[in-house]
Amino acid sequence: MRAIAIGMVHVFSLGKINSRAYGKIVSIRARYDSPENATGMKKEEFYKYAHEQKKFILDVGLQQKHKVLEIGCGYLRLGEFLIKYLRSGQYYGCDISEDIIKMSLKKVKSKRLQQKNPTVWNNEDLKFNNLKSDFFDYAFAFSVFTHIPLKEIDEVIKAIRRLLKPKGIFYASFYINDNQVIKKKFSDVSYHYP
């Protein structure tokens with residue numbers, strides 16, 4: 001497996017938090033605002049990043065025949081393109097927010113993408129024990145590591161190593177952090193944003 005991180009990493013500690021809190025925040029925002037705004041970005045930013053992600057994955061060599069795992073697929077910002085682009089049954093996308101997954105499945109139906117047989121599911125198990133080993137050509141985790149503690153990032157990377165084919169490639173994005181953690185409060189759930 002080749003793991004490529006987009007950006008530079010600074011080691012940081014998030015203390016005792018977990019990604020489930022972030023999942024709750026996303027679910028609340030998706031229900032009361034819009035699925036595009038669920039992560040806190042504006043709708044126009046959502047689509048701008050979708051365009052940039054599409055360009056990036058094509059530039060790195062993604063082909064229609066590849067099997068892809070998208071961790072943190074959200075409202076299918078990249079997933080919609082991947083489902084359309086890849087051959088039938090080649091797209092697998094998961095997210096920690098059950099509400100976002102429900103909305104994503106409705107999006108698949110409304111855009112008539114069911115015939116491409118995407119697999120989209122709610123996932124809180126970062127070990128991905130429900131998936132086959134040596135199965136994926138590519139795995140993407142865009143804007144995921146930003147919201148989870150280092151221990152959980154380690155779990156994801158170990159799982160990805162198992163899930164990717166021997167020449168599979170994993171791309172992840174993250175923000176550079178200078179040991180500053182911003183604590184946000186939304187409703188009754190707190191989470192940290194490095």
Residue set ALA172, ALA141; condition aliphatic (A, V, I, L, M), at pLDDT below 95, within 25 Å of ALA50 (Cα to Cα) and touching a Ser or Thr at 6+ places or on another chain (Cβ under 8 Å); output residue ALA141
Report the residue count in segment 65-88 for those that are out of contact with any helix residue (DSSP H, G or I) (no Cβ under 6 Å at 6 or more places or on another chain), over 26 Å from GLU155 (Cα atoms) and open to solvent by 20 Å² or more (accessible area, probe 1.4 Å).
5
First in segment 122-150 and over 18 Å from LEU86 (Cβ atoms) and of a type in the set (Ser, Thr, Tyr), second anywhere and open to solvent by less than 30 Å² (accessible area, probe 1.4 Å) and not in a loop (DSSP other than H, G, I, E, B), Cβ under 8 Å, 6 or more apart:
SER133/LEU163; SER143/SER173; THR146/SER173
For segment 85-109, what are the residues that are assigned to a helix (DSSP H, G or I) and more than 27 Å from GLN63 (Cβ to Cβ)?
GLU98, ASP99, ILE100, LYS102, MET103, LYS106
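The values are calculated or read from the model by the stated rules, or taken from the named source; none is laboratory data. Just so it is clear, the model here is predicted, and its values are computed rather than measured. Note: ideal-geometry Cβ built from the backbone for every residue, glycine included; neighbour counts use all protein chains shown. We work out accessible area using only protein heavy atoms, side chains counted, and drop any ligands, DNA or RNA first. Shrake-Rupley method; radii C 1.70, N 1.55, O 1.52, S 1.80 Å.
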